[in-house]
Amino acid sequence: MSRSTPLRGVHESLGATLTDFAGWQMPLRYGSESAEHNAVRTAAGLFDLSHMGEIFVVGAQAGEALDHALVGHLSVLAPGRARYTMIVNETGGILDDLIVYRLDEDQYMVVANASNYALVAREIADRVLGYDARVTDRSDEYALVAVQGPRSAEILAPLTDVALDELKYYAIVPGVVAGAPVLIARTGYTGEDGFELFVLNEHAVPLWSALTEAGRDAGLVPAGLSARDTLRLEAGMPLYGNELSAAITPFDAGLGRVVRFDKPGGFVGRAALERVAANETTRRLVGLVARGRRVPRHGYPVTRDGAVVGEVTSGAPSQSLGRPIAMAYVDEDALDKGGLTVDIRGSQEPVDVVELPFYRRSK
Amino acid sequence: MSTIPDDLSYTKEHEWVAGVEDGLTVTVGITAYAAEQLGDVVYVEVHPEVGATVTAGDAIGEVESTKSVSDIFAPVGGEIVEINTAVVETPALVNSDPYGDGWLFRVRVEEQPDDLLSAAEYTALTSGES
(Lines give C-alpha, C1' and ligand atoms only; values in the text may rest on other atoms or scores of the structure.)
Protein backbone atom coordinates (compact mmCIF):
# COMPACT_ATOMS: atom_id res chain seq x y z
CA MET A 1 0.00 0.00 0.00
CA SER A 2 1.54 3.23 -1.17
CA ARG A 3 1.77 6.21 1.17
CA SER A 4 0.98 9.82 0.31
CA THR A 5 2.50 13.06 1.54
CA PRO A 6 0.27 15.93 2.72
CA LEU A 7 0.93 17.56 -0.68
CA ARG A 8 -0.42 14.77 -2.88
CA GLY A 9 -3.61 16.68 -3.70
CA VAL A 10 -1.54 19.70 -4.72
CA HIS A 11 0.58 17.56 -7.04
CA GLU A 12 -2.51 16.03 -8.64
CA SER A 13 -4.07 19.45 -9.20
CA LEU A 14 -0.82 20.53 -10.89
CA GLY A 15 -1.09 17.55 -13.26
CA ALA A 16 1.99 15.78 -11.90
CA THR A 17 2.98 12.32 -13.07
CA LEU A 18 3.15 10.39 -9.81
CA THR A 19 5.48 7.47 -9.26
CA ASP A 20 6.05 4.98 -6.50
CA PHE A 21 9.31 5.77 -4.73
CA ALA A 22 10.28 3.73 -1.67
CA GLY A 23 6.61 3.04 -1.02
CA TRP A 24 5.49 6.65 -1.47
CA GLN A 25 3.42 8.22 -4.24
CA MET A 26 5.73 11.07 -5.25
CA PRO A 27 5.71 13.56 -8.13
CA LEU A 28 8.09 12.34 -10.85
CA ARG A 29 7.56 15.49 -12.94
CA TYR A 30 4.90 18.12 -13.46
CA GLY A 31 5.60 18.83 -17.13
CA SER A 32 9.00 18.67 -18.77
CA GLU A 33 11.63 17.38 -16.32
CA SER A 34 14.34 19.12 -18.38
CA ALA A 35 12.59 22.46 -17.90
CA GLU A 36 12.32 21.76 -14.17
CA HIS A 37 16.03 20.91 -14.05
CA ASN A 38 16.95 24.11 -15.88
CA ALA A 39 14.69 26.22 -13.66
CA VAL A 40 16.60 25.02 -10.59
CA ARG A 41 19.93 25.88 -12.27
CA THR A 42 18.84 29.34 -13.37
CA ALA A 43 15.97 30.43 -11.05
CA ALA A 44 14.40 28.10 -8.50
CA GLY A 45 12.45 24.88 -8.05
CA LEU A 46 9.98 23.77 -5.38
CA PHE A 47 10.22 20.16 -4.17
CA ASP A 48 8.09 17.95 -1.94
CA LEU A 49 10.52 15.76 -0.01
CA SER A 50 8.10 14.72 2.71
CA HIS A 51 9.03 11.08 2.19
CA MET A 52 12.36 11.70 3.92
CA GLY A 53 12.68 10.66 7.57
CA GLU A 54 13.20 12.93 10.58
CA ILE A 55 14.61 11.19 13.63
CA PHE A 56 15.12 13.28 16.77
CA VAL A 57 17.81 12.42 19.32
CA VAL A 58 17.40 14.39 22.52
CA GLY A 59 19.23 14.35 25.85
CA ALA A 60 22.30 15.48 27.75
CA GLN A 61 24.42 12.84 25.95
CA ALA A 62 22.75 13.07 22.53
CA GLY A 63 26.01 14.12 20.83
CA GLU A 64 28.10 11.36 22.42
CA ALA A 65 25.36 8.86 21.60
CA LEU A 66 25.46 9.84 17.92
CA ASP A 67 29.27 9.70 17.96
CA HIS A 68 28.86 6.04 18.91
CA ALA A 69 26.00 5.29 16.51
CA LEU A 70 27.34 7.06 13.37
CA VAL A 71 30.72 7.43 11.67
CA GLY A 72 30.93 11.23 12.16
CA HIS A 73 31.93 13.39 15.12
CA LEU A 74 28.62 14.98 15.96
CA SER A 75 29.27 16.04 19.58
CA VAL A 76 31.58 18.81 18.35
CA LEU A 77 29.04 20.14 15.87
CA ALA A 78 27.99 23.65 16.89
CA PRO A 79 24.31 24.21 17.65
CA GLY A 80 22.59 25.43 14.51
CA ARG A 81 24.97 23.59 12.16
CA ALA A 82 24.60 20.48 10.01
CA ARG A 83 26.87 17.70 8.81
CA TYR A 84 26.75 15.03 6.11
CA THR A 85 27.46 11.64 7.67
CA MET A 86 26.63 7.93 7.47
CA ILE A 87 25.47 5.00 9.54
CA VAL A 88 27.28 1.71 8.85
CA ASN A 89 26.88 -1.86 10.02
CA GLU A 90 29.49 -3.90 11.95
CA THR A 91 31.27 -4.77 8.71
CA GLY A 92 31.44 -1.15 7.60
CA GLY A 93 28.68 -1.40 4.98
CA ILE A 94 26.61 1.74 4.54
CA LEU A 95 23.08 1.49 5.98
CA ASP A 96 22.26 5.05 4.97
CA ASP A 97 23.74 8.44 4.29
CA LEU A 98 22.39 11.16 6.54
CA ILE A 99 22.35 14.83 7.30
CA VAL A 100 22.53 15.49 11.03
CA TYR A 101 21.38 18.89 12.28
CA ARG A 102 22.24 20.05 15.79
CA LEU A 103 19.15 22.03 16.77
CA ASP A 104 20.45 23.05 20.19
CA GLU A 105 22.79 21.88 22.94
CA ASP A 106 20.93 18.64 23.65
CA GLN A 107 18.77 18.15 20.53
CA TYR A 108 19.72 16.67 17.13
CA MET A 109 17.65 15.89 14.06
CA VAL A 110 18.85 13.05 11.83
CA VAL A 111 17.45 13.16 8.29
CA ALA A 112 17.44 9.78 6.57
CA ASN A 113 16.32 8.46 3.21
CA ALA A 114 12.72 7.32 2.71
CA SER A 115 13.73 3.72 2.05
CA ASN A 116 15.87 3.49 5.17
CA TYR A 117 14.60 5.71 7.95
CA ALA A 118 12.63 3.04 9.82
CA LEU A 119 15.76 0.88 9.97
CA VAL A 120 17.94 3.88 10.83
CA ALA A 121 15.64 4.89 13.71
CA ARG A 122 15.70 1.35 15.12
CA GLU A 123 19.48 1.06 14.74
CA ILE A 124 20.17 4.39 16.42
CA ALA A 125 17.76 3.55 19.27
CA ASP A 126 19.55 0.22 19.83
CA ARG A 127 22.99 1.78 19.68
CA VAL A 128 22.35 4.59 22.15
CA LEU A 129 21.05 2.38 24.99
CA GLY A 130 22.95 3.37 28.12
CA TYR A 131 23.39 7.00 26.98
CA ASP A 132 21.26 9.84 28.27
CA ALA A 133 19.58 10.21 24.89
CA ARG A 134 16.05 9.54 23.67
CA VAL A 135 15.37 8.59 20.05
CA THR A 136 12.03 9.51 18.46
CA ASP A 137 11.13 8.85 14.83
CA ARG A 138 8.94 11.83 13.95
CA SER A 139 8.90 11.15 10.19
CA ASP A 140 5.13 10.71 10.20
CA GLU A 141 4.61 14.18 11.70
CA TYR A 142 6.92 16.15 9.44
CA ALA A 143 6.67 17.30 5.87
CA LEU A 144 9.71 18.63 4.01
CA VAL A 145 9.50 21.28 1.32
CA ALA A 146 12.67 22.43 -0.47
CA VAL A 147 13.30 25.61 -2.43
CA GLN A 148 16.43 25.16 -4.51
CA GLY A 149 18.17 27.41 -7.00
CA PRO A 150 20.03 30.73 -7.23
CA ARG A 151 16.89 32.78 -6.56
CA SER A 152 15.79 30.76 -3.51
CA ALA A 153 16.83 33.36 -0.91
CA GLU A 154 15.02 36.23 -2.58
CA ILE A 155 11.87 34.10 -2.85
CA LEU A 156 11.94 32.92 0.77
CA ALA A 157 13.08 36.16 2.44
CA PRO A 158 9.78 38.10 2.26
CA LEU A 159 7.92 35.17 3.87
CA THR A 160 10.04 34.85 6.99
CA ASP A 161 11.30 36.71 10.04
CA VAL A 162 14.67 34.95 9.74
CA ALA A 163 17.63 36.91 8.36
CA LEU A 164 18.58 34.48 5.58
CA ASP A 165 21.87 36.20 4.74
CA GLU A 166 23.05 35.21 8.23
CA LEU A 167 22.11 31.56 7.64
CA LYS A 168 25.24 29.81 6.34
CA TYR A 169 25.44 26.78 4.08
CA TYR A 170 24.85 23.66 6.21
CA ALA A 171 23.15 25.63 8.99
CA ILE A 172 19.62 25.47 10.43
CA VAL A 173 17.46 27.86 12.41
CA PRO A 174 13.88 27.74 13.71
CA GLY A 175 11.68 30.49 12.35
CA VAL A 176 8.28 31.37 11.00
CA VAL A 177 7.58 31.06 7.28
CA ALA A 178 4.20 32.25 5.97
CA GLY A 179 2.80 32.01 9.48
CA ALA A 180 3.95 28.45 10.17
CA PRO A 181 6.70 27.33 12.53
CA VAL A 182 9.48 25.92 10.34
CA LEU A 183 12.99 24.57 10.76
CA ILE A 184 14.83 26.41 8.00
CA ALA A 185 17.98 24.63 6.78
CA ARG A 186 20.38 25.85 4.12
CA THR A 187 20.96 22.43 2.66
CA GLY A 188 19.96 20.56 -0.46
CA TYR A 189 20.66 17.89 -3.02
CA THR A 190 20.86 19.86 -6.23
CA GLY A 191 24.26 21.57 -6.28
CA GLU A 192 22.59 24.96 -5.93
CA ASP A 193 21.98 27.35 -3.08
CA GLY A 194 18.67 26.61 -1.43
CA PHE A 195 16.64 25.83 1.63
CA GLU A 196 14.98 22.79 3.11
CA LEU A 197 11.92 23.62 5.22
CA PHE A 198 10.90 21.07 7.85
CA VAL A 199 7.30 21.68 8.84
CA LEU A 200 4.51 19.78 10.58
CA ASN A 201 2.18 18.06 8.09
CA GLU A 202 -0.74 20.40 8.75
CA HIS A 203 1.25 23.41 7.53
CA ALA A 204 2.62 21.83 4.34
CA VAL A 205 -0.12 22.88 1.90
CA PRO A 206 -0.30 26.56 3.00
CA LEU A 207 3.52 26.74 3.00
CA TRP A 208 3.68 25.31 -0.54
CA SER A 209 1.01 27.80 -1.70
CA ALA A 210 2.79 30.76 -0.13
CA LEU A 211 6.11 29.79 -1.73
CA THR A 212 4.44 29.25 -5.11
CA GLU A 213 2.91 32.71 -4.92
CA ALA A 214 6.11 34.37 -3.68
CA GLY A 215 8.22 32.72 -6.37
CA ARG A 216 6.00 33.36 -9.36
CA ASP A 217 7.85 36.40 -10.68
CA ALA A 218 11.26 34.87 -9.94
CA GLY A 219 10.58 31.82 -12.12
CA LEU A 220 9.99 29.28 -9.35
CA VAL A 221 8.44 26.07 -10.68
CA PRO A 222 7.41 22.84 -8.97
CA ALA A 223 10.05 20.18 -9.63
CA GLY A 224 9.76 16.42 -9.35
CA LEU A 225 12.01 13.52 -8.44
CA SER A 226 13.22 13.15 -12.03
CA ALA A 227 14.77 16.63 -11.98
CA ARG A 228 16.05 16.02 -8.45
CA ASP A 229 17.90 12.93 -9.69
CA THR A 230 19.57 14.64 -12.66
CA LEU A 231 20.46 17.68 -10.50
CA ARG A 232 22.14 15.56 -7.82
CA LEU A 233 23.92 13.48 -10.46
CA GLU A 234 25.41 16.57 -12.10
CA ALA A 235 26.47 17.72 -8.62
CA GLY A 236 28.24 14.36 -8.12
CA MET A 237 26.14 13.50 -5.07
CA PRO A 238 25.62 9.81 -4.31
CA LEU A 239 22.17 8.23 -4.07
CA TYR A 240 21.50 5.40 -1.64
CA GLY A 241 20.57 2.30 -3.64
CA ASN A 242 22.72 3.41 -6.57
CA GLU A 243 26.19 4.53 -5.44
CA LEU A 244 25.71 3.49 -1.80
CA SER A 245 24.54 0.21 -0.28
CA ALA A 246 25.27 -2.17 2.59
CA ALA A 247 27.84 -3.86 0.32
CA ILE A 248 29.80 -0.61 0.00
CA THR A 249 31.90 1.11 2.69
CA PRO A 250 32.36 4.89 2.85
CA PHE A 251 35.95 4.37 1.63
CA ASP A 252 34.79 2.37 -1.40
CA ALA A 253 32.53 5.30 -2.29
CA GLY A 254 35.40 7.78 -2.05
CA LEU A 255 33.77 9.31 1.02
CA GLY A 256 36.25 8.12 3.65
CA ARG A 257 36.51 11.71 4.89
CA VAL A 258 33.17 11.31 6.69
CA VAL A 259 34.65 8.54 8.89
CA ARG A 260 36.19 10.22 11.94
CA PHE A 261 38.65 7.80 13.55
CA ASP A 262 39.99 10.78 15.54
CA LYS A 263 36.87 11.12 17.68
CA PRO A 264 36.98 9.73 21.24
CA GLY A 265 35.47 6.33 21.93
CA GLY A 266 34.42 3.51 19.68
CA PHE A 267 31.66 3.55 17.12
CA VAL A 268 29.73 0.84 15.36
CA GLY A 269 31.75 -0.39 12.40
CA ARG A 270 35.04 1.15 13.54
CA ALA A 271 37.18 -2.01 13.53
CA ALA A 272 36.00 -3.03 10.07
CA LEU A 273 36.49 0.46 8.64
CA GLU A 274 40.04 0.68 10.07
CA ARG A 275 40.92 -2.44 8.11
CA VAL A 276 39.32 -1.04 4.95
CA ALA A 277 41.12 2.29 5.38
CA ALA A 278 44.48 0.51 5.69
CA ASN A 279 44.10 -1.18 2.31
CA GLU A 280 44.24 0.33 -1.15
CA THR A 281 40.89 0.18 -2.86
CA THR A 282 40.80 -1.76 -6.10
CA ARG A 283 37.74 0.01 -7.47
CA ARG A 284 36.87 3.68 -7.50
CA LEU A 285 33.74 5.73 -8.00
CA VAL A 286 34.31 7.99 -11.01
CA GLY A 287 32.42 10.29 -13.30
CA LEU A 288 31.91 9.30 -16.95
CA VAL A 289 30.93 11.50 -19.86
CA ALA A 290 29.70 9.70 -22.96
CA ARG A 291 31.10 10.79 -26.32
CA GLY A 292 27.90 9.78 -28.10
CA ARG A 293 24.28 10.51 -27.37
CA ARG A 294 23.23 7.15 -25.94
CA VAL A 295 22.87 7.14 -22.18
CA PRO A 296 24.81 4.85 -19.81
CA ARG A 297 22.33 3.77 -17.13
CA HIS A 298 22.25 2.08 -13.72
CA GLY A 299 23.57 -1.47 -13.96
CA TYR A 300 25.22 -1.22 -17.38
CA PRO A 301 28.70 -2.81 -17.51
CA VAL A 302 31.78 -0.61 -17.93
CA THR A 303 34.06 -2.38 -20.39
CA ARG A 304 37.56 -2.18 -21.82
CA ASP A 305 38.66 -4.30 -24.80
CA GLY A 306 35.55 -6.40 -24.34
CA ALA A 307 36.22 -7.19 -20.65
CA VAL A 308 33.97 -5.95 -17.86
CA VAL A 309 35.93 -3.56 -15.62
CA GLY A 310 33.15 -1.86 -13.70
CA GLU A 311 29.50 -0.99 -13.41
CA VAL A 312 27.43 2.15 -13.90
CA THR A 313 25.55 3.19 -10.76
CA SER A 314 23.63 6.21 -12.13
CA GLY A 315 23.35 7.78 -15.55
CA ALA A 316 21.29 10.39 -17.32
CA PRO A 317 21.37 12.93 -20.09
CA SER A 318 22.94 16.09 -18.63
CA GLN A 319 21.24 19.39 -19.35
CA SER A 320 24.25 21.34 -18.12
CA LEU A 321 26.84 19.45 -20.18
CA GLY A 322 24.66 18.63 -23.17
CA ARG A 323 25.92 15.05 -23.10
CA PRO A 324 25.06 11.89 -21.18
CA ILE A 325 26.83 11.53 -17.82
CA ALA A 326 27.19 8.68 -15.36
CA MET A 327 28.79 7.61 -12.14
CA ALA A 328 30.40 4.18 -12.08
CA TYR A 329 32.60 1.94 -9.97
CA VAL A 330 35.62 1.08 -12.14
CA ASP A 331 38.74 -1.06 -11.50
CA GLU A 332 41.81 1.06 -10.73
CA ASP A 333 44.02 -0.63 -13.34
CA ALA A 334 41.45 -0.08 -16.07
CA LEU A 335 41.31 3.58 -15.07
CA ASP A 336 45.12 3.76 -15.39
CA LYS A 337 45.02 2.25 -18.87
CA GLY A 338 42.13 4.33 -20.20
CA GLY A 339 40.06 3.58 -23.31
CA LEU A 340 36.90 2.81 -21.39
CA THR A 341 33.55 1.99 -22.93
CA VAL A 342 30.08 1.29 -21.55
CA ASP A 343 28.09 -1.64 -22.85
CA ILE A 344 24.89 0.13 -23.85
CA ARG A 345 22.51 -2.61 -24.89
CA GLY A 346 25.19 -4.58 -26.66
CA SER A 347 27.10 -1.72 -28.20
CA GLN A 348 30.44 -0.56 -26.70
CA GLU A 349 30.11 3.21 -26.45
CA PRO A 350 33.23 5.28 -25.65
CA VAL A 351 33.27 7.36 -22.45
CA ASP A 352 35.74 9.75 -20.86
CA VAL A 353 36.60 9.66 -17.16
CA VAL A 354 36.19 13.03 -15.46
CA GLU A 355 36.56 14.49 -11.99
CA LEU A 356 33.38 14.79 -9.94
CA PRO A 357 31.27 16.85 -9.74
CA PHE A 358 30.19 17.31 -13.34
CA TYR A 359 28.67 20.65 -12.44
CA ARG A 360 29.70 23.24 -9.85
CA ARG A 361 27.70 26.41 -9.33
CA SER A 362 29.43 29.75 -9.73
CA LYS A 363 29.68 31.49 -6.37
CA MET B 1 -5.17 13.61 -20.93
CA SER B 2 -3.34 12.65 -24.07
CA THR B 3 -5.05 12.80 -27.42
CA ILE B 4 -5.74 9.75 -29.60
CA PRO B 5 -6.67 10.83 -33.14
CA ASP B 6 -9.52 8.84 -34.72
CA ASP B 7 -7.94 8.58 -38.17
CA LEU B 8 -4.81 6.66 -37.14
CA SER B 9 -4.11 3.01 -36.38
CA TYR B 10 -2.20 1.94 -33.28
CA THR B 11 -0.07 -0.86 -31.85
CA LYS B 12 0.14 -2.38 -28.40
CA GLU B 13 3.68 -0.95 -28.27
CA HIS B 14 2.21 2.56 -28.32
CA GLU B 15 3.05 3.48 -31.88
CA TRP B 16 0.70 5.12 -34.33
CA VAL B 17 0.49 4.26 -38.01
CA ALA B 18 -0.91 6.65 -40.62
CA GLY B 19 -1.99 5.84 -44.17
CA VAL B 20 -2.92 2.22 -43.58
CA GLU B 21 -6.11 2.48 -45.63
CA ASP B 22 -4.42 3.11 -48.99
CA GLY B 23 -2.02 0.22 -48.31
CA LEU B 24 1.01 1.81 -49.95
CA THR B 25 3.32 3.80 -47.68
CA VAL B 26 2.65 4.30 -43.98
CA THR B 27 4.08 6.79 -41.52
CA VAL B 28 4.96 5.62 -37.99
CA GLY B 29 5.41 7.52 -34.75
CA ILE B 30 5.01 7.28 -30.99
CA THR B 31 1.68 8.10 -29.39
CA ALA B 32 1.18 11.12 -27.12
CA TYR B 33 0.36 8.68 -24.34
CA ALA B 34 3.74 6.98 -24.75
CA ALA B 35 5.56 10.32 -24.99
CA GLU B 36 3.97 11.42 -21.71
CA GLN B 37 4.96 8.17 -20.06
CA LEU B 38 8.54 8.48 -21.30
CA GLY B 39 9.07 12.09 -20.28
CA ASP B 40 11.50 14.28 -22.19
CA VAL B 41 12.87 12.33 -25.15
CA VAL B 42 16.60 12.96 -25.59
CA TYR B 43 17.67 10.46 -28.23
CA VAL B 44 16.00 8.71 -31.14
CA GLU B 45 17.63 6.16 -33.39
CA VAL B 46 16.17 4.08 -36.20
CA HIS B 47 18.79 1.41 -36.91
CA PRO B 48 18.06 0.33 -40.53
CA GLU B 49 19.19 2.52 -43.42
CA VAL B 50 16.70 3.86 -45.89
CA GLY B 51 16.13 1.05 -48.41
CA ALA B 52 16.42 -1.73 -45.86
CA THR B 53 13.58 -4.20 -45.43
CA VAL B 54 12.04 -4.78 -42.02
CA THR B 55 9.64 -7.42 -40.70
CA ALA B 56 6.58 -6.54 -38.63
CA GLY B 57 7.40 -6.89 -34.93
CA ASP B 58 11.15 -6.34 -35.31
CA ALA B 59 12.84 -4.02 -32.82
CA ILE B 60 14.37 -1.54 -35.27
CA GLY B 61 15.38 1.39 -33.08
CA GLU B 62 15.28 2.98 -29.70
CA VAL B 63 14.02 6.06 -27.98
CA GLU B 64 15.67 7.35 -24.83
CA SER B 65 14.20 9.73 -22.30
CA THR B 66 15.64 11.15 -19.12
CA LYS B 67 14.60 8.10 -17.15
CA SER B 68 14.40 5.19 -19.55
CA VAL B 69 15.08 3.61 -22.90
CA SER B 70 12.50 1.80 -25.05
CA ASP B 71 12.54 -0.13 -28.30
CA ILE B 72 10.94 1.10 -31.47
CA PHE B 73 9.18 -1.68 -33.33
CA ALA B 74 8.26 -2.04 -36.99
CA PRO B 75 4.44 -2.20 -36.94
CA VAL B 76 4.35 -3.40 -40.55
CA GLY B 77 6.74 -5.21 -42.85
CA GLY B 78 8.32 -3.55 -45.86
CA GLU B 79 11.00 -1.20 -47.06
CA ILE B 80 12.10 1.79 -45.00
CA VAL B 81 11.69 4.68 -47.43
CA GLU B 82 12.34 7.64 -45.14
CA ILE B 83 13.65 8.36 -41.65
CA ASN B 84 12.76 11.65 -39.98
CA THR B 85 16.16 13.33 -39.64
CA ALA B 86 14.52 16.29 -37.88
CA VAL B 87 13.50 14.07 -34.96
CA VAL B 88 16.96 12.52 -34.81
CA GLU B 89 18.41 16.04 -34.57
CA THR B 90 15.70 17.32 -32.22
CA PRO B 91 14.29 14.39 -30.23
CA ALA B 92 12.04 16.74 -28.21
CA LEU B 93 9.72 16.82 -31.26
CA VAL B 94 8.41 13.47 -30.02
CA ASN B 95 7.07 15.30 -26.95
CA SER B 96 5.98 18.55 -28.57
CA ASP B 97 4.27 17.15 -31.67
CA PRO B 98 4.03 13.35 -31.47
CA TYR B 99 1.49 12.99 -34.32
CA GLY B 100 3.07 15.65 -36.55
CA ASP B 101 6.71 16.73 -36.75
CA GLY B 102 7.63 14.00 -34.26
CA TRP B 103 6.99 11.15 -36.74
CA LEU B 104 9.81 8.59 -36.89
CA PHE B 105 9.92 6.72 -40.23
CA ARG B 106 7.96 5.68 -43.34
CA VAL B 107 7.58 2.15 -44.66
CA ARG B 108 6.47 0.97 -48.10
CA VAL B 109 4.15 -1.81 -47.04
CA GLU B 110 4.92 -5.30 -48.35
CA GLU B 111 3.36 -7.26 -45.52
CA GLN B 112 -0.18 -6.20 -44.66
CA PRO B 113 -0.58 -5.74 -40.92
CA ASP B 114 -3.50 -7.60 -39.38
CA ASP B 115 -3.16 -6.79 -35.71
CA LEU B 116 -3.32 -3.00 -35.63
CA LEU B 117 -5.70 -1.34 -33.17
CA SER B 118 -8.36 1.23 -33.91
CA ALA B 119 -8.43 4.50 -32.00
CA ALA B 120 -11.22 3.10 -29.81
CA GLU B 121 -9.28 -0.07 -29.09
CA TYR B 122 -6.13 1.91 -28.29
CA THR B 123 -8.10 4.21 -25.97
CA ALA B 124 -9.31 1.15 -24.10
CA LEU B 125 -5.76 -0.18 -23.88
CA THR B 126 -4.30 3.02 -22.42
CA SER B 127 -7.16 3.64 -20.00
CA GLY B 128 -6.51 0.17 -18.63
CA GLU B 129 -2.84 0.98 -18.04
CA SER B 130 -3.11 4.39 -16.47
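The values are calculated or read from the model by the stated rules, or taken from the named source; none is laboratory data. Because the structure is a prediction, the values reported are computed rather than measured. Counting neighbours? That spans all protein chains shown, and the Cβs are built from the backbone with ideal geometry, glycine included. Just so you know, the surface numbers come from the protein's heavy atoms only, side chains and all, with ligands and any DNA or RNA stripped out. Shrake-Rupley method; radii C 1.70, N 1.55, O 1.52, S 1.80 Å.
Hey, could you check region A:106-145 for residues that are assigned to a loop (DSSP other than H, G, I, E, B), out of contact with any Gly (no Cβ under 9 Å at 6 or more places or on another chain) and more than 20 Å from A:Leu197 (Cβ to Cβ) and say which is most open to solvent (accessible area, probe 1.4 Å)?
A:Leu129
Considering only residues that are crowded, with 19+ Cβ neighbours inside 10 Å and not in a loop (DSSP other than H, G, I, E, B), look in region B:41-57 and name the one that is farthest from the other protein chains (Cβ to nearest Cβ).
Per the stated criteria, the residue is B:Val54.
Please specify each residue of region A:288-302 satisfying the condition of being in contact with a Ser or Thr (Cβ under 8 Å, 6 or more places away or on another chain) and closer than 14 Å to B:Glu62 by Cα.
Hit for region A:288-302 is A:Arg294, nothing else.
Looking at region B:59-130, what helices (runs of 4 or more DSSP H) fall wholly within it and have at least 2 residues that are closer than 20 Å to B:Ser2 by Cβ?
B:93-96, B:119-129
Please state which one of B:Leu116, B:Leu104, B:Leu38 is within 14 Å of chain A (Cβ to nearest Cβ) and surrounded by 15 or more Cβ atoms within 10 Å (Cβ to Cβ).
B:Leu38 is the lone residue from the list that is within 14 Å of chain A (Cβ to nearest Cβ) and surrounded by 15 or more Cβ atoms within 10 Å (Cβ to Cβ).
Just checking, does region A:213-226 include any residue being of a type outside the set (A, V, I, L, M, F, W, C), closer than 24 Å to A:Glu166 by Cα and open to solvent by less than 20 Å² (accessible area, probe 1.4 Å)?
Taking every residue of region A:213-226 in turn, at least one turns out to be of a type outside the set (A, V, I, L, M, F, W, C), closer than 24 Å to A:Glu166 by Cα and open to solvent by less than 20 Å² (accessible area, probe 1.4 Å).
Mind listing whichever residues of region A:31-60 are under 25 Å from A:Glu213 (Cα atoms), of a type outside the set (A, V, I, L, M, F, W, C) and surrounded by fewer than 21 Cβ atoms within 10 Å (Cβ to Cβ)?
A:Gly31, A:Ser32, A:Asn38, A:Thr42
Return yes or no: is A:Arg304 away from every other protein chain (no Cβ under 14 Å), charged (D, E, K, R), in contact with a Lys or Arg (Cβ under 9 Å, 6 or more places away or on another chain) and open to solvent by 10 Å² or more (accessible area, probe 1.4 Å)?
Details: away from every other protein chain (no Cβ under 14 Å): yes; charged (D, E, K, R): yes; in contact with a Lys or Arg (Cβ under 9 Å, 6 or more places away or on another chain): yes; open to solvent by 10 Å² or more (accessible area, probe 1.4 Å): yes.
Taking the combined requirement at face value, the residue satisfies it.
Go through region B:58-78 and give me each residue that's open to solvent by 50 Å² or more (accessible area, probe 1.4 Å), more than 14 Å from every other protein chain (Cβ to nearest Cβ) and either touching a helix residue (DSSP H, G or I) at 6+ places or on another chain (Cβ under 8 Å) or over 18 Å from B:Tyr33 (Cβ atoms) (or both).
B:Asp58
Looking at region A:255-277, which of the residues that are under 25 Å from A:Gly191 (Cβ atoms) and free of Cβ contacts under 8 Å to residues at least 60 places away in the same chain is most open to solvent (accessible area, probe 1.4 Å)?
Per the criteria, the residue is A:Arg257.
Any chance you could count how many residues in region A:240-280 are closer than 15 Å to A:Met86 by Cα and in a helix (DSSP H, G or I)?
Matching residues across region A:240-280 total 6.
Being part of a strand (DSSP E or B), farther than 14 Å from A:Leu49 by Cα and not aromatic (Phe, Trp, Tyr) is true for just one of A:Val199, A:Val182. Which residue is that?
Of the residues listed, the single one that is part of a strand (DSSP E or B), farther than 14 Å from A:Leu49 by Cα and not aromatic (Phe, Trp, Tyr) is A:Val182.
Would you mention how many residues in region A:313-355 are surrounded by 18 or more Cβ atoms within 10 Å (Cβ to Cβ), part of a loop (DSSP other than H, G, I, E, B) and among the hydrophobic types (A, V, I, L, M, F, W, C)?
Result for region A:313-355: 1.
Name, by its number, the condition in (1) modelled with pLDDT under 95; (2) out of contact with any Asp or Glu (no Cβ under 9 Å at 6 or more places or on another chain); (3) more than 14 Å from chain B (Cβ to nearest Cβ) that does not hold for A:Arg361.
(2)
Please work out which residue is surrounded by the most Cβ atoms within 10 Å (Cβ to Cβ), limiting yourself to region A:61-100 and to residues that are among the hydroxyl-bearing types (Ser, Thr, Tyr) and in contact with a strand residue (DSSP E or B) (Cβ under 8 Å, 6 or more places away or on another chain).
Across region A:61-100, the extreme among qualifying residues is A:Thr85.
Which residue pairs have Cβ atoms under 6 Å apart, sit 6 or more places apart or on different chains, and have a first residue in region A:6-19 that is touching a residue at least 60 places away in the same chain (Cβ under 8 Å) and a second that is assigned to a loop (DSSP other than H, G, I, E, B)?
The qualifying pairs are A:Leu14/A:Tyr30; A:Ala16/A:Tyr30.
If only one of B:Pro113, B:Pro48 is of a type outside the set (Phe, Trp, Tyr) and either closer than 30 Å to A:Gly315 by Cβ or touching a Gly at 6+ places or on another chain (Cβ under 7 Å) (or both), which one is it?
The unique qualifying residue is B:Pro48.
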